[in-house]
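Here's the structure, in structure tokens; my notes come after.
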């Protein structure tokens, strides 16, 4: 960390900051410029709280030098992380497609969709049993019955299942049925939940919060990793901006940036990222071209009757066409699909 | 709701949408313009899912007519809501100031601060026992011990206590010590938590998420209200924007807007809203002038040693000066403080 | 347009609005719901000012039905617009790459870069002679001398030239040297400039403002088109968000969305869109995969000595590799490069 | 400036950066930490281009130490700037109110409004003769005729006039009629215009761009100041965010922050800042309480017939009430109005 003193900081101010830093077990390095004094801090391996220092007399601001994430960082773990889920390798040469309905609605709906996405080449079945909804009056998901239907679909199709868990105390229940635990965008900074999935024996798909920076996403991953679960998949799903034509603004640069900063696999959710089914295919192609390790796509046999997010769901035939169109893109970047 | 059809929508498209709406128990009203057909929907009291309709053939988009919140709406409850907590009336003529440290660190720290803010005229003591921290390596709060220290400070000073609760299963524990349960910005859409505090016998201070709209804040309040707890305080604490000089951008217009849309009391947190102690006084004055029912301000006897958010905390002497300067503003808008 | 009345609007309010609308030459269509009255307006072909109506007694808000752009709309002009500039067809089957330095610095620099990008397969030379700089103390470009150097590079390499024009009165000068006039992001709503390039006899490359919506970009195009210049190229170059790791957030969904809403060619600028040369290739691949008609990329022989935007410029060798890697992506979406 | 090298930067990388910096006339100061090497730069008074350095081998990023603005900075000019326009002192103890219609529409409209706002206590008449409009089909202002009407209103009422100028070549014409030249939000980074008003003999009211940071606003002021015009008024008028209920999000913290960073007077425009007349009074009170030196408010005798921005205009009676309600707030912060 570097401390930038105000133009008029006194000798006593500088000494006070230096003394405080040394008291915290760090070494200082004072550099007096013509207009400002800069204090460099040589750390002792433990993070310093910038705000404590920023409150001291004569301090203008502080600048962090080291990235705050460690276990999630590529500096710490230079090779790509990959792991296998029932034979599906995430983070390998194959681009993994997770597809299925936004919400599990009925046995017929989930089985019909599971068979259709499997036939089109999807590798994982997605579907929500517990649904975070803005309105208390909207459908909140089938709950445990939804988990049972997903498990039934896995038994019939062989596709591993990813589904969202919203509460720490429900992690054991969801983990009993699902192959991958999803932490949704609204819960990316629900630390009790991150702690709980960090102790679970299941891979975790961590969605970027719509209000969260890339650094915050990696810090959320750090929570999970630091509790002992190393199988974390990062998911870019769009951030909130001023643009009203799309539901969110999908941050395509996040894909190469996350791959550069971290060793964890990175997937993209073009369905939530755009909120419009007409845009899903183009954005899926972009994600694969940008280097994503996978995609998460909403498919529904009758989107106009879906109980949630119908506007962003593809029909099975359209999804099959998307899969066909993605294969040459995957090949163009040296991957399969 | 109104459905706007695409320019080229066919007769069959229009009939299909109308049939679907009628099947959902609503009445339609079709209006054919020169370029577009518009379908008005006369509802049956239950909310319709816009996305289901948006996915239908020939539909361009839908427009909601009614606000999605009911119990939180001033249309539903025209008079201001106010309630008393140990003699402190929230939502009345007096502007209520909640002050104290960001985090409870020690018995001495919390007692010293509690006495100081009480002497300066604060009405409620704030302090965090459970702290949401971006990094898993940062101080996470004293937990139950912190709750006990807050309760001790209440016993000594008579100030009611507000503190954050982060997990549904901790609501009973926190409610056993605190007078007001705080739902933090990161948890504004943690629906399990909203459900839990909605069933608690304590008033709830609900902070606006840093990337949440005013409508979403009111929908989060609706969750709490719909579970039976009618004592909800809304808190504007700044939203995330592109401006880097402040930690957040405090949305001052939210104060009159929330008062207009809702009957619930509205307070402002200028400490998180700016992230800089030098700005807290000016923004506090602005909040009271704009009509806020209260303020939530961080005060710490030694901010440069605070374990969190030191940069936005006032020293007690500065806080006392702020209180003195706020009184004429409160008087200028017909209130006391 | 639709007018949504407040819940308590009186009969007189509704009659007043209807009378005003009829006075403006439009027909009304009143629909009384249980909670609200809605007034539909059937227009006379001229746009109505929503704000006039919104100010009337009893009105809650208005909802526009028609898109405000006409000449830029695909509804108005269903086929893709394409045009040729010195044999380079923009908006055709070939993906067009515009490459060159951010700023023209010297004869050697621009000629060396022009030859290098031509050898790698670029189709158009870009370079700034007039530079918009945040600081009045930064290099502002070589001005007319820069234009002459660009023209010299065109003479040597045969590449058409695109360069920015910042003032209406300089349009004739820039048009005398350049093949394509660029309107920069900061000037997207400089209406005098839009008017001036709308009357020029040169194609215009219009960059999206960093805080402008897609609708505003199309309205800026509408200004140019409505002054008689039909050769407009839209350019997505990233929008401003809260994410600090990249200079801007490139809105990849804007590519398919603009192609759907408009007939105009759409290109992407990954250099400004990311601000980091390490991300340019991945985002370029994404743009082509998403359906962009072209790319605009900064190339500099010695980026570490560039007088502006060095951090986002590729060296020629890296650019050549990018071009090689883009070709299979272009082929995968049925295009050449 | 400080250069932060990558973890794996070689000895040669560090030497290369140091050599380059020395070649640019600066001195370096190298500090080797356990994980990173940091290079401090002691400048020679001229700004360095960060991006040049960031592109060098082994560099992770650079950190600016000095603020980029000089003439606009309070460090440079510790006392508040104030100046008189026809006896109206801007930046003094009195809060200055500029009021009038968004657009000048007719002689009657502007005279009626001017008399009304003067009677209510306004100090300056505002009104647009040249209007920046998103649509080429909207009313663009009366132009020179509008300027004449404003001058006529000044002659009748004695109120100085502020009006927008949108093009560099129109500065002399507008300056011939107006007392204060306004640079609008969309033109805050129109550098040719900033240059032109910097050479004019009239005070300039500079509006913050809706997409611009506080630092960029001060850099735009720096353009004007550096061309010799020292009479610049800064205006906060709301920034663009994700919140849809208001037209913009008024950044109230900008008021104390600008007063702290700069010596220039700061005013607030609550009409554009909110876009809703119902919110104008509350936000005006907040602005004065926060320390603003003035306000700019839209007033129209018949807002429902206004040709632009009717929804945010107050009627004269409401404006007079606002003025009455502002006086005790001004007094509470030690000012008059």
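Details
- Summarising the strand pairing of the range A:112-268, around 5 percent of its internal DSSP beta bridges are antiparallel.
- In chain B, the longest principal axis of the Cα atoms and the axis of helix B:11-23 are about 50 degrees apart.
- Antiparallel bridges, percent of DSSP beta bridges restricted to chain C (to nearest 5): 40 percent
- Average beta carbon contacts from partner chains per residue of C:269-280, 10 Å cutoff: 3
- Copies compared at residue C:321 - label distances in nm, ascending, label defined 7 Å from Cα in the Cβ direction: 3.7, 5.8, 6.9
- Here the range B:37-112 and the range A:11-41 have alpha carbon centers that stand 47 Å from each other.
- Computed extension length for residue B:111-residue B:199: 28.6 nm, one decimal, from 0.36 nm per residue of separation with the Cα-Cα distance subtracted.
- Label spacing, shortest first and in nm, from residue B:77 to its equivalents in the remaining copies (7 angstrom along Cα→Cβ): 4.8, 5.2, 5.5
- Among residues of chain B, the one whose Cβ lies closest to the rotation axis carrying chain B onto chain C, together with that distance rounded to whole Å, is B:63, 2.
- Whole-Å distance, taken between Cα centres, linking the range D:182-197 and the range D:210-255: 12 Å
- Residue-averaged 222 nm ellipticity for the protein assembly as shown, from DSSP H runs of 4+ at -39500 (n - 2.57), nearest 500: -10500 deg cm²/dmol
- Solution diffusion estimate, µm²/s, Stokes-Einstein, the protein assembly as shown, Kirkwood Rh from C-alpha pairs, 4 °C, viscosity 1.567 mPa s: 40 µm²/s
- The GNM of chain A, with springs linking C-alpha atoms under 10 angstrom apart, assigns the highest mean-square fluctuation among A:66, A:159, A:170 to A:66.
- Note that the range D:75-136 carries a Kirkwood radius of 13.8 Å, evaluated over its alpha carbons pair by pair.
- Value of relative contact order over the range A:267-325, rounded to a whole percent, pairs C-alpha under 8 Å and six or more apart: 37 percent
- Of D:146, D:228, D:91, the one that fluctuates the most in a GNM where chain D has Cα springs shorter than 10 Å: D:228
- Distance between the range B:315-329 and the range C:290-312 - C-alpha centres, whole angstrom: 53 Å
- Reference-scaled alpha-carbon Rg (2.2 N^0.38 Å with N residues) for the range D:59-185: 1.32
- Taking 7 Å steps out from each Cα toward its Cβ at residue B:151 and residue D:75 produces label points 5.1 nm apart.
- Our summary gives the range B:237-337 a relative contact order of 23 percent, counting only alpha carbon pairs under 8 angstrom and 6 or more residues apart.
- DSSP assigns beta bridges within the protein assembly as shown; of those with both partners inside it, close to 40 percent run antiparallel.
- The mean number of Cβ atoms from other chains found within 10 Å of a Cβ in peptide C:133-141 is 6, as a whole number.
- Pairs of Cα atoms nearer than 8 Å and 6+ residues apart set the relative contact order; for chain B it is 16 percent.
- For the segment C:206-217, counting C-beta atoms of other chains within 10 Å of every residue's C-beta and taking the mean gives 4.
- Rh (Kirkwood; distinct C-alpha pairs) - the range C:1-66, Å: 11.6 Å
- Copies compared at residue D:115 - label distances in nm, ascending, label defined 7 Å from Cα in the Cβ direction: 6.6, 7.6, 8.2
- Dividing the Cα radius of gyration of the range B:136-234 by 2.2 N^0.38 Å, with N the residue count, gives 1.07.
- Max mean-square fluctuation residue, GNM over chain D, Cα-Cα springs under 10 Å, options D:262, D:253, D:271: D:253
- Taking the longest Cα principal axis of chain C as reference, the axis of helix C:107-120 is set at about 80 degrees.
- Rounded to the nearest 10 degrees, the inclination of helix B:277-290 to the longest alpha-carbon principal axis of chain B is 60 degrees.
Computed from the coordinates by the stated procedures, all read-outs in this text should not be read as laboratory data. Everything numeric here is computed off the predicted structure, so don't read it as measured data. Glycine gets a Cβ as well: all are built from the backbone with ideal geometry, and neighbour counts include every protein chain shown.
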